[in-house]
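Notes follow once the structure below has been shown.
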Amino acid sequence: MAIEVRIPTILRNYTDGAKAVEGGGATLDELIADLETRHPGLRDRLVDEKGLRRFVNVYLNDEDVRFLGGLGTKVSDGDTVTVLPAVAGG
Amino acid sequence: MRFDSLLDSLGRTPLVGLPRLSPSPEVRLWAKLEDRNPTGSVKDRPAFWMIAKAEKEGLLAPGRTILEPTSGNTGISLAMVAKLRGYDIVCVMPENTSAERRQLLEMWGARIISSPAAGGSNEAVRVAKRLAAENPDWVMLYQYGNEANARAHYETTGPELLDDLPTITHFVAGLGTTGTLMGVGRYLREQVPGVSIVAAEPRYGELVYGLRNIDEGFVPELYDESVLTTRYSVTSADALRRTRELLAQEGIFAGISTGCALHAALGMANKAVKAGERADIAFIVADGGWKYLSTGAYGGTLEEAEERLEGQLWA
């Protein structure tokens, strides 16, 4: 159980201020469910009934999970998952 | 090459090979030098196309005022075109953008309204939308949702790339308004079966992501996920390192967002090498490094440069 999950500032009220937490699971969905057991409320900020929330971006080792399999994306020990709010550029 | 005016010289930028950074003769990297446009950035293309479209639709006439939220390059391009065409321009710009960008905007006659650093460009968009509502006679071109932004690249950048590199397998560009990726991506997908369209998204320091509710995030209206093959988030440290490598190994002095695109392009190149496949990977040099000298990106150690860039909008 060692997948590092980096949490953005706006969601750290769910992680007692921690910038990163650890969790386990075979898929992103399982990983988020595992985090929810220790950080209640976090799952609802990331996921709605249609999948990942529109303004939430999740990266597995820097690659956007929407292009890897969404919540079904396979994860394993040693991976880093980064959660970021969607921002504009230009 | 001779042109009737500066605006006529837009586009037809060079595509140059990177013999030192390319991993092998079968897996090659190509840089499209968009800094060779009239104001020195890729944004001259969408700026010109958005203004031309607004003129055609009768929205713009001399004496009118253009409004645009921009972290810099789009504003600079719009200000140059506006100057030549007789428009006033107001740019809403986050306060955490480089000093050079402000100076250039002012040189071309733009009025700058600063938006708070926290929240970055999301805040600039919010402020600009409010100003647009308060000033109904101003014309907001709105690069994030203006189809002429993507069309500029569909009609020009895409065909130029394919003309110069018919064997293209990958296209990589920075993700901001998404206009470059949407326009070039759609064009190449129509012309080149199996082409990969790869987005490189800058990952900023925490300040830029702001403290608002996550439901108030921003996805440009132009963005269509189905055009992309994949999308990478590139840290400031990786972008800086690649920007310096491009300068040291290939002699190209580019802005930091180019390092971001190069990082993703090299990732694609390594994948191709591992898979034993040939690849011709083109990426966009969005601008030169001149506008970022004051950020300290090019001097001292990488760690120092990264620290100085914390909280800055570098793309």
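The values are calculated or read from the model by the stated rules, or taken from the named source; none is laboratory data. Keep in mind that what you see is a predicted model, and the values were worked out from it rather than measured. A quick note on method: Cβ atoms are made from the backbone with ideal geometry, for glycine too, and the neighbour counts reach across all protein chains shown.
For the reader, a short list of remarks on this structure follows.
- Checklist (1) in contact with a Lys or Arg (Cβ under 8 Å, 6 or more places away or on another chain); (2) not in a loop (DSSP other than H, G, I, E, B) applied to residue B:22, failing item: (2)
- The residue pairs whose first member lies in segment B:117-133 and is assigned by TED's automatic domain parsing to the domain that holds residue B:205, whose second member is assigned to a helix (DSSP H, G or I) and crowded, with 19+ Cβ neighbours inside 10 Å, and whose beta carbons are closer than 8 Å, counting only pairs six or more residues apart or on different chains, do not exist in this structure.
- Segment B:151-232 holds helices (runs of 4 or more DSSP H) entirely within its bounds, and those carrying 1 or more residues that are surrounded by 18 or more Cβ atoms within 10 Å (Cβ to Cβ) and more than 14 Å from chain A (Cβ to nearest Cβ) map to B:158-164, B:179-191.
- Residue satisfying all of: in segment A:23-69; within 10 Å of the chain's Cα centre (by Cα) and among the β-branched types (Val, Ile, Thr); modelled with the lowest pLDDT among these: A:56
- For residue B:292, the requirement of being out of contact with any Leu (no Cβ under 8 Å at 6 or more places or on another chain), of a type in the set (Ser, Thr, Tyr) and either within 14 Å of chain A (Cβ to nearest Cβ) or under 30 Å from residue B:115 (Cα atoms) (or both) is met.
- Residues in segment B:204-226 that are without any contact (Cβ under 8 Å) to a residue 60 or more places away in the chain and closer than 30 Å to residue B:152 by Cα: B:219, B:223, B:224, B:225, B:226.
- Meets criteria (more than 14 Å from chain B (Cβ to nearest Cβ) and touching a strand residue (DSSP E or B) at 6+ places or on another chain (Cβ under 9 Å)) for residue A:89: no
- Of the residues contained in segment B:15-23, one or more are found to be at pLDDT 95 or above, out of contact with any Asp or Glu (no Cβ under 8 Å at 6 or more places or on another chain) and surrounded by 19 or more Cβ atoms within 10 Å (Cβ to Cβ).
- Restricting attention to segment A:47-62, the residues being surrounded by 18 or more Cβ atoms within 10 Å (Cβ to Cβ) and assigned to a strand (DSSP E or B) number 7.
- Qualifying residue in segment B:299-314 (condition: under 17 Å from residue A:84 (Cα atoms), surrounded by 24 or more Cβ atoms within 10 Å (Cβ to Cβ) and either within 12 Å of another protein chain (Cβ to nearest Cβ) or of a type in the set (Gly, Ala, Ser) (or both)): yes
- Residue match in segment B:66-76 (condition: at pLDDT below 95 and of a type in the set (A, V, I, L, M, F, W, C)): no
- Pick from segment A:76-88, criterion assigned to a loop (DSSP other than H, G, I, E, B) and surrounded by fewer than 24 Cβ atoms within 10 Å (Cβ to Cβ), ranking: nearest to the chain's Cα centre (by Cα): A:79
- Selection of segment A:15-44 for residues being within 14 Å of chain B (Cβ to nearest Cβ) and over 19 Å from residue A:59 (Cβ atoms) yields A:17, A:41, A:44.
- Among the conditions (1) closer than 23 Å to residue B:285 by Cα; (2) surrounded by 14 or more Cβ atoms within 10 Å (Cβ to Cβ), the only one that residue B:82 does not satisfy is (1).
- Conditions (1) on the phi > 0 side of the Ramachandran plot; (2) at pLDDT 95 or above; number of the one not met by residue B:210: (2)
- Within segment A:1-11, if we keep just the residues that are surrounded by fewer than 16 Cβ atoms within 10 Å (Cβ to Cβ) and modelled with pLDDT of 95 or more, the residue that is farthest from the other protein chains (Cβ to nearest Cβ) turns out to be A:4.
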